[in-house]
1. Roughly how many whole Å is it from the C-alpha centroid of the stretch 86-140 to that of the stretch 261-280?
2. Under 5 Å between amide hydrogens, which residues at least 5 positions from Ser100 or on another chain qualify, with H placed 1.01 Å from N in the peptide plane?
3. Starting from the eigenvalues of the Cα gyration tensor, five times each then square-rooted, give me the equivalent ellipsoid semi-axes of the stretch 77-183, largest first, whole Å.
4. How large is the Kirkwood hydrodynamic radius of the stretch 147-226, in angstrom, based on all distinct alpha carbon pairs?
5. Given H placed on each backbone N at 1.01 Å, which residues far from Ser86 in sequence or on other chains put an amide H within less than 5 Å of it?
6. Using each residue's phi in the stretch 204-214, evaluate 6.51 cos²θ - 1.76 cosθ + 1.60 at θ = phi - 60° and report the 3J(HN,Hα) Karplus result to the nearest Hz, with x for Gly and Pro.
7. With θ set to phi - 60°, apply the Karplus curve 6.51 cos²θ - 1.76 cosθ + 1.60 along the stretch 94-104 and write out the HN-Hα couplings as whole Hz, x wherever there is a Gly or Pro.
8. For a quick check: with amide H placed at 1.01 Å from N, whose amide H comes under 5 Å from Ile275's, ignoring anything fewer than 5 positions away on the same chain?
Amino acid sequence: MSASEEPVNGTDGPIDRRISRKTVLRAAAVLGTAPLLVGGGVALARDRVGTGEMPEFTPACHDGDAPTIEQTEGPYFKPNSPLRTSLITDSTPGTRLTVSGYVFGRACLPIANVLLDFWQADVNGAYDNTGFSFRGHQFTNAQGAFSLTTIVPGLYPGRTRHIHVKLQAPGRPVLTTQLYFPNEPRNSTDTIYDARLLMNVRQVGSAKEGTYDFVLNVPQTPTPTSTPTSPTPTPTTTQTTPPGGTWTPGTFYNAGDRVTYGGASYQCLQGHTAIPGWEPPNVPALWRRL
Ligand SMILES: [Fe+2]
């Protein structure tokens, strides 16, 4: 995990741009509470609108926002993580943390059924490389939202505090990146750290609440009345060719299951329910060609 793999961004400019978009987008996620910001945190629209009504998603979303940047996956990714939104139990040590947000395409429309695969260190800064502690994947809901229940990851040598994630919209390439915490002393010395990947984090009682919106490089056609919808997958030659095979939309596949599609055999890497757009050749995070 060489520091030279990723550019360093030490300016505040990208954050400001992200905030301007998020201030409005976030208003759609009003939770009805007004917890304290962690010192120097970024004010979200939900702070201003209190328990107000749900505004529309897209009118103030700036089309053309740059997609979320990629970062190295590092040495600790493992495929086949469990399908779950919580990585902890009642007895898990550590400061409780929820990470929530939305996944948008290039036209600021939320995307449903995006695969998010999270992995992180435990409270001591250790990754579980034999099992699946602090590893789990989930999918955005019909509103394009996700929510992860976990703990604040511990620090380990050479890095600032971070959470790893891979995202994949149906039929699109995988985006690998990381999320960061504000006000971490090591943010200024970690050469992989990038301020564009800073979460908003606030204290809620004894727990922390992090938020982040991802933007994937998924083409979308903006609509004047913005009901959150999933974009129409871009047709590919793979999808337009009569595939043939045992792969069937609507079927739940477990990790290890095998199917055929388009004359090739594939093995399932992560448990999921198949949907159109997730044909095996299109989703390398879910299917490995044999
Ligand atoms: Fe890491």
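Nothing in this text is a laboratory measurement; each read-out follows from the coordinates by a stated rule. Model, not experiment: these values are computed from the prediction.
1. Value for the Cα centre distance between the two parts: 23 Å.
2. Those qualifying (amide H under 5 Å, at least 5 residues apart or on another chain) are Leu148, Gly210, Thr211, Tyr212.
3. Numbers: eigenvalues 114, 41, 37 Å².
Semi-axes, largest first: 24, 14, 14 Å.
4. 14.8 Å
5. Thr149
6. Result, rounded to whole Hz: 10, x, 8, 10, 10, 10, x, 9, 7, 10, 8.
7. x, 7, 4, 9, 10, 10, 9, x, 10, 10, 10
8. Gly250
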